Each structure stands twice: as structure tokens, then as C-alpha cells.
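Okay, structure first, notes after.
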Amino acid sequence: MIEVRIHGRGGQGNVVAAYLLATAAFTEGWYAQAFPAFGAERRGAPVIAFARLNNKIIRRRCQIVSPDFLIIQDEALLHIPGIINGLKPGGRILLNSVRSSEAFADTLDARVVTLPATQMAKEYLGRPVPNTALLSAFLNLTGLLPQAALEHALEQRFQDKVLEKNLALIEAAAKKVEHNQWQEVANA
């Protein structure tokens, strides 16, 4: 089973990201779960969303405490104590940041890949919503699912110009990271 914990702020599309990931997995024949955990329900408040993917029925119904992967949609959240707690040994972090991955090598006890997802979202969508760019990068890094599965999930959620812009964004985001760099963790 692959478990992903997504950290971000209200308005960044954390919950949508989890649902899109689960929908993409379901499209490919996987079993999937996606669900959020809210604190204060307001724009800008920290939000956590979870996704589980498996090729067998998922019976677990709790929050993800020990994820294989973390997707952090706001670099400023790294200042919250314990945000990376529970990450499995060998786990990976995808971080929305304009800084290089190497900039976090000494501060985070995990392998990190950064993506300037907010910048890209502003360019392609006209809004600072990094979720689909990060999902595309995540799928490209892990090789878990094809980009076509994410495209299908987007087609089920969006339409017209919003869909077209998101499709262009995910294509650009996938090209920004090394394909299958995290495949060994995804296949473990």
C-alpha cells in the first residue's frame, strides 16, 4: 500500500489533490481512499489531506501517520514542528519551493525534490493553486500511475478553459522532475 500525506493551506487545493490522486488510481484499477483533516476551516489555515493507493482492498480507515511520501504545498509549513514526523525511513518529500532541492539537504532528514508549483500555477492558471502541478510531478517521480490517469481525473473534475489550463500545467510540471526517480520507494 502507498500512503501519501499532503500538507498545505486552505485554498491551495489539498483536498482536491487527494481526491484527484485517488481518482487517477481508481481509473487505473487500483483501490484508493482520499480524505481530509481540518483544523480551523478558513483560507490560509494549515490543512492535511491523505491518499491511500493499493492493488488490494483497503480496510484501514484512519489518518496516515507513517506516509511513504509527503507533498508539502507551502514551504512555510516546514516551520511547524513535526510536519515531517512519521515519514517512513527512505520516504520522500515533494516540496513546493523556488529554492533547489539541495537547499533542504541539511535541514530535512529525507530526500527532497522541489518544484516551483505556485509560480507555475500562476503562469498557467492565473491563480496560486499548486496542487495539480505537484500531483503531476509526484506521478512522474514515482511512476506509480501514468500522466493519462491524472488527465482523466482532471477531465472528471474540470471543463473548458480550466481543464485546458490544468492539462497544460501538468504537462509542464512533469517535465521539471526526473522520471521514475522515486520508483524504488513506490515499488517497495
Can you tell me which residue within the range 80-115, out of those that are touching a residue at least 24 places away in the same chain (Cβ under 8 Å) and under 17 Å from residue 175 (Cβ atoms), is surrounded by the most Cβ atoms within 10 Å (Cβ to Cβ)?
96
Residues of the range 41-79 classified as of a type in the set (Val, Ile, Thr), in a loop (DSSP other than H, G, I, E, B) and surrounded by 12 or more Cβ atoms within 10 Å (Cβ to Cβ), total
2
Residues 121, 148: which one is buried (at least 17 other Cβ atoms within 10 Å of the Cβ), modelled with pLDDT of 95 or more and part of a helix (DSSP H, G or I)?
121
Within the range 4-28, residues among the small types (Gly, Ala, Ser) and either free of Cβ contacts under 8 Å to residues at least 12 places away in the same chain or in a helix (DSSP H, G or I) (or both) come out as 17, 18, 22, 24, 25
Every residue in the range 107-134 that is aliphatic (A, V, I, L, M) and touching a strand residue (DSSP E or B) at 6+ places or on another chain (Cβ under 8 Å), please.
108, 110, 112, 113, 115, 117, 133, 134
Residue in the range 13-27 that is among the β-branched types (Val, Ile, Thr), modelled with pLDDT of 95 or more, over 18 Å from residue 140 (Cβ atoms) and under 17 Å from the mean Cα position of the chain (by Cα) present:
yes
Residues of the range 168-185 being part of a helix (DSSP H, G or I) and among the acidic types (Asp, Glu), in sequence order, are 171, 184
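The values are calculated or read from the model by the stated rules, or taken from the named source; none is laboratory data. The model shown is predicted, which means the values in this text are computed figures rather than measured ones. Every residue, glycine among them, receives a Cβ derived from its backbone with ideal geometry; neighbour counts consider all protein chains shown.
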